[in-house]
Amino acid sequence: MRCPYCDGLEDKVVDSRLADDSAATRRRRECLVCGRRYTTYERVEELGLVVVKRSGTREPFDRVKLAAGIERAVTNRPIEAGTVAALVAEVEEQARGEGREVASERLGLAVLERLRHLDDVAYVRFASVYKDFENLDDFEREVGELQKTTEPKRR
Ligand SMILES: [Zn+2]
């Protein structure tokens, strides 16, 4: 650890105990450069987002896979570099804000909603390969809902 007082990189742990109801390990460290003590907290890394498919199976959220699907939809469309990555990040952040698990159709709709504002052709392409709906009626109902809440992009 880097000492907060002198930026020294050598330290030793002088005390270690659980903190935050066992969610963290609190360590007292002594800097071997300046001799002062400071505290660090170690926590378990945030758990991943889980996608629940229509069939009920669960899989880890895969932003590379989601981005690849969107990239296919925007191929040869006038979309600025970085747009897809930003879109995926937005959709992921929204899903994480709603909980540990997200339904796959919810993810797909979140993408569609954004593509609709971005590019009509990409929107239709993504919609046409979007297979998580059980049947076309489900899909058309959802798109109908979407159209009620979002204005199409004017050109
Ligand atoms: Zn120090």
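Below is a table of values for the structure above.
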{"quantity": "Residue within the stretch 15-23 that is of a type in the set (A, V, I, L, M, F, W, C) and part of a strand (DSSP E or B) present", "calculated": "yes"}
{"quantity": "Test result for Ala89, in contact with a strand residue (DSSP E or B) (Cβ under 7 Å, 6 or more places away or on another chain), on the phi < 0 side of the Ramachandran plot and among the small types (Gly, Ala, Ser)", "calculated": "no"}
{"quantity": "Failed item in (1) part of a loop (DSSP other than H, G, I, E, B); (2) in contact (Cβ under 8 Å) with a residue 24 or more places away in the chain; (3) within 30 Å of Lys65 (Cβ to Cβ), with Ser55 passing the rest", "calculated": "(2)"}
{"quantity": "Selection within the stretch 8-42 - among the acidic types (Asp, Glu) and surrounded by 14 or more Cβ atoms within 10 Å (Cβ to Cβ)", "calculated": "Asp11, Glu30"}
{"quantity": "Any pair with Cβ under 8 angstrom, 6 or more apart, that starts in the stretch 1-12 at a residue that is in contact (Cβ under 8 Å) with a residue 12 or more places away in the chain and assigned to a loop (DSSP other than H, G, I, E, B) and ends at one that is more than 9 Å from the ligand (Cβ to nearest atom) and of a type in the set (S, T, N, Q)", "calculated": "Met1/Thr40"}
{"quantity": "Residues that are part of a helix (DSSP H, G or I) and among the basic types (Lys, Arg), drawn from the stretch 82-114", "calculated": "Arg96, Arg106, Arg114"}
{"quantity": "Residue check for Leu87: at pLDDT 90 or above, within 27 Å of Asp120 (Cβ to Cβ) and surrounded by 11 or more Cβ atoms within 10 Å (Cβ to Cβ)", "calculated": "yes"}
{"quantity": "Among (1) surrounded by 12 or more Cβ atoms within 10 Å (Cβ to Cβ); (2) assigned to a strand (DSSP E or B), the one test that Ile79 misses", "calculated": "(2)"}
{"quantity": "Residue within the stretch 30-49 that is within 16 Å of the ligand (Cβ to nearest atom), in a loop (DSSP other than H, G, I, E, B) and β-branched (Val, Ile, Thr) present", "calculated": "yes"}
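The values are calculated or read from the model by the stated rules, or taken from the named source; none is laboratory data. The model shown is predicted, which means the values in this text are computed figures rather than measured ones. Don't worry about glycine lacking a Cβ; one is built from the backbone with ideal geometry, like all the others, and counts go over all protein chains shown.
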